[in-house]
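The values are calculated or read from the model by the stated rules, or taken from the named source; none is laboratory data. Note that the structure is predicted; figures quoted are calculated from it, not measured. Here the Cβ positions follow ideal geometry from the backbone for every residue, glycine too, while neighbour counts run over all protein chains shown.
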Amino acid sequence: MQLTRILAHARRRTARLVRFARDDKAVVLIETAFTMPLLIFLGFGGLEIANLTLANTRISQVALSAADNASRIAYGSDLSLPRVREVDINEVFAGVEEQSRGLDFKAHGRIILSSLERNSSGGQWIHWQRCYGNYPVNSAYGLQGTGKTGTAFKGMGKPGAEVTASTGTAVMFVEVTYQYQPLAFAAWLGPRVIRTTAAFNIREGRDLQGPAGGDGVYNPSPAATKMTCT
């Protein structure tokens, strides 16, 4: 009788072990626990890369639009050449702020607008330069006044492929720098700084001399804020 009870208990225990071995619910939970972090990483990583790509595209568009808008500045009358005023430049920068909405551009970026012209020696020079944004960076190609005399300054842009201005005209050269603000993977991405440039020749004749004693930009009353790069 005792042997019968022992055998019956053994059979029940064996049956439970067999059912446990066949039960794959726990396996699914374990697999999920192992794969979920990887899936989350891949999902958010893809989202971060997409956001970085979008930010690059938007910054490139900001540079192109700013250079284009600056090239169209034409304040004046039929009796005189169009002038560039500080308020006109500020309107270009207002367009930058509007176009970069959502990027917090003023806090994390900077746009540098330069008027590239020919000097009296036939060389290139940066007649005037204005900036917008708090990111601490200077022009990669020179400050205002660079190349004022002589022909040593070759222009703005990559060495060997510099943008140059022709006699009697000017090129609106824009440099944009933006420190990318990641969504979630700041430590993984590390600091990412987006840099781009754009250049447009002015669309029509322009008063390139500017007011006497000035730097080429007019500022009639009521005076507008001068967006210097210092």
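Observations
- Condition broken by D104, with the remaining ones in (1) on the phi < 0 side of the Ramachandran plot; (2) at pLDDT 90 or above satisfied: (1)
- Close Cβ contacts (under 6 Å, 6 or more residues apart or on different chains) running from residues in the range 56-70 that are closer than 8 Å to V176 by Cβ to residues that are of a type in the set (G, A, S) and surrounded by fewer than 18 Cβ atoms within 10 Å (Cβ to Cβ) are absent.
So that you can scan it fast, the table gives a plain yes or no per residue for (1) over 30 Å from E48 (Cβ atoms); (2) of a type outside the set (A, V, I, L, M):
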residue	(1), (2)
M156	yes, no
T164	yes, yes
T177	no, yes
A184	no, no
N201	yes, yes
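- Residue within the range 205-224 that is out of contact with any Pro (no Cβ under 9 Å at 6 or more places or on another chain), of a type in the set (F, W, Y) and touching a residue at least 12 places away in the same chain (Cβ under 8 Å) present: no
- When we screen F20, F41 for residues that are farther than 28 Å from P211 by Cβ, surrounded by 12 or more Cβ atoms within 10 Å (Cβ to Cβ), at pLDDT below 95 and of a type in the set (A, V, I, L, M, F, W, C), the only hit is F41.
- Residue within the range 160-175 that is under 19 Å from M227 (Cβ atoms), surrounded by fewer than 21 Cβ atoms within 10 Å (Cβ to Cβ) and at pLDDT 95 or above present: no
- Complete set of residues in the range 182-202 that are at pLDDT below 95, in contact with an Asp or Glu (Cβ under 9 Å, 6 or more places away or on another chain) and either hydroxyl-bearing (S, T, Y) or loosely packed, with under 14 Cβ neighbours inside 10 Å (or both): L183, A184, W188
- The set of residues in the range 119-156 that are surrounded by 13 or more Cβ atoms within 10 Å (Cβ to Cβ) and among the aliphatic types (A, V, I, L, M) comprises I126, V137, A140, L143, M156.
- Across the range 112-158, the number of residues qualifying as assigned to a loop (DSSP other than H, G, I, E, B), among the charged types (D, E, K, R) and touching a residue at least 24 places away in the same chain (Cβ under 8 Å) comes to 2.
- Filter pass, G150 being modelled with pLDDT under 95 and either more than 21 Å from T228 (Cα to Cα) or polar (S, T, N, Q) (or both): no
- Under the condition of being under 28 Å from Q179 (Cβ atoms) and either at pLDDT below 95 or touching a Gly at 6+ places or on another chain (Cβ under 9 Å) (or both), the residues counted in the range 113-136 number 10.
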